[in-house]
Amino acid sequence: MTTIYFHGEAAASETLLATLATNEAAVFGDLPGLCVLAPTIAADALANATCVLAPYSPRAIRWLADFAGAALAPSVDVIDSRQSETLPAARATPEAIAAVADMIDALDPPGDWRPWYPVLDRELCTACGQCVSFCLFGVYRKDGETVQVVEPTKCKNNCPACARACPQKAIIFPKCDERGIDGYPGNASAEGGKKLAGSILDQLRARTGSAAVPPEIAERLKHIDPDTSTGGEQ
């Protein structure tokens with residue numbers, strides 16, 4: 001069994017460290033970051049894995065693998081490393097646990113960019129292109145009958161607006177903590193959408209120095225909150 005662990009922003013628990021020590025797991029840096037900055041490393045690690053652990057939903061992990069160009073076989077165990085109840089039972093010596101902890105601490109520190117960006121669930125995406133026209137930052141591009149995430153580093157940190165607008169719920173933000181957007185079943189609340197729309201409006205107004213918002217952007221924000229008040233054109 002080849003166990004691969006991708007360390008993210010969540011702290012590694014004692015249970016996780018024991019699991020990694022017992023299974024002699026290979027330890028890598030944050031999966032979303034590797035998929036963009038070193039996709040070959042991520043793909044090679046995933047291609048040889050029979051068990052993948054990372055602090056994201058299993059659905060997010062699988063579509064991150066797809067984004068990196070490595071399709072995981074259905075037989076691969078994909079586990080959210082934050083959930084101790086899903087980890088294989090393991091007992092390891094304090095020395096072995098400390099060695100794994102040191103291995104994680106020795107990973108290259110992340111750069112200035114926080115790897116916040118969307119991945120697409122290809123089983124749900126119909127390539128309608130709504131995310132392409134909705135995104136303010138050019139993250140997506142439509143190529144024929146498919147939509148691609150082509151500029152992940154341009155995604156606005158902590159903004160999952162396009163996931164709210166997707167009619168198929170095919171957009172996942174691995175680092176998001178909202179059910180339905182993080183890859184777990186569930187739907188984002190309408191109230192959360194209104195807060196997000198208001199936040200985007202505030203940022204745009206601060207940037208332009210105007211209370212008015214361009215009509216094409218106002219139309220996009222209505223996908224989040226139909227009652228959004230943009231102030232009209234001036």
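Miscellaneous remarks
- Residue count for region 59-77, restricted to those that are in a helix (DSSP H, G or I) and within 23 Å of Ala101 (Cα to Cα): 1
- Here Pro115 meets the list (1) touching a Phe, Trp or Tyr at 6+ places or on another chain (Cβ under 8 Å); (2) not in a helix (DSSP H, G or I) almost entirely, failing just condition (1).
- Scan of region 1-54 for residues that are in contact (Cβ under 8 Å) with a residue 40 or more places away in the chain, under 18 Å from Asp105 (Cβ atoms) and assigned to a loop (DSSP other than H, G, I, E, B), ordered by number: His7, Gly8, Glu9, Ala10, Ala12, Ser13, Ala25, Gly29, Asp30
- Whichever residue in region 94-110 is outside any helix (DSSP H, G or I) and touching a residue at least 24 places away in the same chain (Cβ under 8 Å) and, among such residues, is farthest from Val150 (Cα to Cα): Leu107
- There is no residue in region 132-141 that is of a type in the set (S, T, N, Q) and part of a loop (DSSP other than H, G, I, E, B).
- Index of the failed condition, Val150 passing every other in (1) under 19 Å from the mean Cα position of the chain (by Cα); (2) surrounded by 14 or more Cβ atoms within 10 Å (Cβ to Cβ); (3) not assigned by TED's automatic domain parsing to the domain that holds Ala11: (2)
- Conditions (1) farther than 29 Å from Val139 by Cβ; (2) of a type outside the set (Ser, Thr, Tyr); (3) surrounded by fewer than 17 Cβ atoms within 10 Å (Cβ to Cβ): number failed by Gly69: (1)
The values are calculated or read from the model by the stated rules, or taken from the named source; none is laboratory data. Predicted, not measured: the structure shown is a model, and the values here were computed from it. Using ideal geometry, Cβ is built from the backbone for each residue, glycine included, and neighbour counts are taken over all protein chains shown.
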